[in-house]
1. Among E119, E78, which is crowded, with 16+ Cβ neighbours inside 10 Å, in contact with a strand residue (DSSP E or B) (Cβ under 9 Å, 6 or more places away or on another chain) and among the charged types (D, E, K, R)?
2. I need every pair where a residue in the range 283-301 that is in the same structural domain as I321 (by TED's automatic domain parsing) has its Cβ under 7 Å from the Cβ of a residue that is among the aromatic types (F, W, Y) and assigned to a helix (DSSP H, G or I), sequence separation at least 6 or different chains.
3. How about the range 379-423: which of its residues are under 22 Å from Q496 (Cα atoms) and charged (D, E, K, R)?
4. Among (1) surrounded by 21 or more Cβ atoms within 10 Å (Cβ to Cβ); (2) touching a strand residue (DSSP E or B) at 6+ places or on another chain (Cβ under 8 Å), there is one condition G189 misses while meeting the rest; what is its number?
5. So, in the range 83-94, how many residues would count as being in a helix (DSSP H, G or I) and exposed (fewer than 15 other Cβ atoms within 10 Å of the Cβ)?
6. When both residues are 6+ apart or on different chains and their Cβ atoms are under 7 Å apart, which pairs have a first residue that lies in the range 232-260 and is not assigned by TED's automatic domain parsing to the domain that holds A272 and modelled with pLDDT under 95, and a second that is assigned to a helix (DSSP H, G or I) and of a type in the set (G, A, S)?
7. Taking the condition touching a Leu at 6+ places or on another chain (Cβ under 8 Å), modelled with pLDDT of 95 or more and within 28 Å of A252 (Cα to Cα), does I168 pass?
8. Where residues in the range 192-224 are in contact with a strand residue (DSSP E or B) (Cβ under 6 Å, 6 or more places away or on another chain) and assigned to a loop (DSSP other than H, G, I, E, B), which of them is modelled with the lowest pLDDT?
Amino acid sequence: MRILLVYPEMPDTFYALKHFIKVVGKKAAFPPLGLLTISSILPAVWEKKLVDLNVTTLTDDDLQWADYVFLSAMNVQEQSVREILRRCRDCNTKVVAGGPLFTHEHERFDGVTHFILNEAEITLPLFINDVQRNEAKPIYQTKAFADVTLSPLPHFGLVNMKNYLYAIVQYSRGCPYLCDFCDVTALFGRVPRTKTPEQIIAELEAVNSNGNVQLVLFADDNLIGNKKILKTELLPALIKWRKEKNASFFFATQLTVNLADDEELMQLLLDAGFRHVFIGIETPEEDSLKGSHKNQNLKRNLLQTIHTIHQKGFIISGGFIAGFDTDTEESFKNLAQFIQQSGIPLPIVNLLKAPPGTELYERIKREKRLSRAFAFAEGETNIVPAMGEDKLYNGFKYIIDQIYLPQHSFERLKTFFKNHRFPATSVKIRSRFSTADVISLIQIFIRMGLLQKQRGYFWKLFWWVLRYNRKFMDKAVFYGIMMYQMNQTYYHILKQVEWQLTEKK
């Protein structure tokens, strides 16, 4: 059996970091962990190839070689998915599809031979057994959650890590919180399920042997969803492993703002090598937080909490949302001001969306305010806004004006560098700086120098940090390039907003 694993192209959203990636000489942000795990579940005797459309192209020869195309996708990849399905139909290639995009609304997609829904550790073996007996069914699904301690080591050998900005592993699935706009609990439940430390260390060993990796993303929905097992099992094991192996890469992950409430947990995470944390801040408006059940963000001074996490040594990427039903025109100004005062280097602002499978989606559907199935871009929504479309889009435009233009990014980054502290840890992590890294740095300086409209603030930040906090020079280069990404994102979102305003008239 010949299996072609295909990962659809990511659209030009902030999360894809396409402009940043181009400057640093990479092709994509991260490898497709889901398909790498699928490959390890498939029989070893089956032939497997991977085509990541964010790195390379899909040819007709690829499709004609395959007995099956295995397709895994998130909601944001729908446009690319439909093009892949069209090409598979043209080549008469059978398609096996799974992932969040299909799990909630598989009926919207024609051209898929077999749907492998929910968690593949459960449903994929059923398909394999049936296909080997020529009895494969159209749909495989389950209400059960997988035992992730039985998940196999992902097939990292299918990718060349030199193409990617960072490597990726996953420790847990699920989240104990019930934010009404998030589909995590619908997909993976409220009880976080965790792999064993031995599994994660085996994955890190495989990642480490597969290229010069500088950052590993723990692609968890909420890494600290089960603090007890994290503090007693995984983090001590990672600290021990790091001391033994002298691993030079750092970790990034996603977690909740109540990290700041646990001093011991913060120190363990830092000792283990975690530095970059994505946190869903959403909004400083308490009514909006209450209405969306974002309870973990309530009863605290959010600005002070962010400063506490920065001062401990973490670097926050913050998720923000505009357009809650309780928002007013003043909310847009409050959010823009909050983001600037927070010093969060990388704020990612979206209009409120209602993903299929969420409580919010069901409510908006009942209220007959659902404008389309889903909207993936930052400046789009599938909700008919309570405040009216003109006020929503003009307010959102105000926010991106205030945070993404280089002069505003520069001021916010100065706030970050003034508050950020070099973390005190029991494990010293020394980055390996190779000849290739020196060449890459020179190429970055050249590329940024060629960007006429961007180089001024890049060098302005570089020299400011050199003067006031030179031990953070590596971060100055990183966020200098990120200012370019943010500015390109600004123009991309601006087009989305202007199109929406024009379309509605």
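The values are calculated or read from the model by the stated rules, or taken from the named source; none is laboratory data. Since the structure is predicted, the reported quantities are computational estimates derived from the model, not experimental observations. Reconstructed Cβ throughout: ideal geometry from the backbone, glycine too, with neighbour counts over all protein chains shown.
1. Answer to the check: E119.
2. Close Cβ pairs (under 7 Å, with a partner that is among the aromatic types (F, W, Y) and assigned to a helix (DSSP H, G or I)) amount to P284/F338.
3. Scanning the range 379-423 gives E380, E389, D390, K391, K397, D401.
4. (1)
5. So the count comes out to 4.
6. Listed by first residue and then by second, the contacts come to nothing, as the list is empty.
7. On the way: touching a Leu at 6+ places or on another chain (Cβ under 8 Å): yes; modelled with pLDDT of 95 or more: yes; within 28 Å of A252 (Cα to Cα): yes.
Considered against the rule, which asks whether it is touching a Leu at 6+ places or on another chain (Cβ under 8 Å), modelled with pLDDT of 95 or more and within 28 Å of A252 (Cα to Cα), I168 comes out as yes.
8. By that ranking, first place goes to V213.
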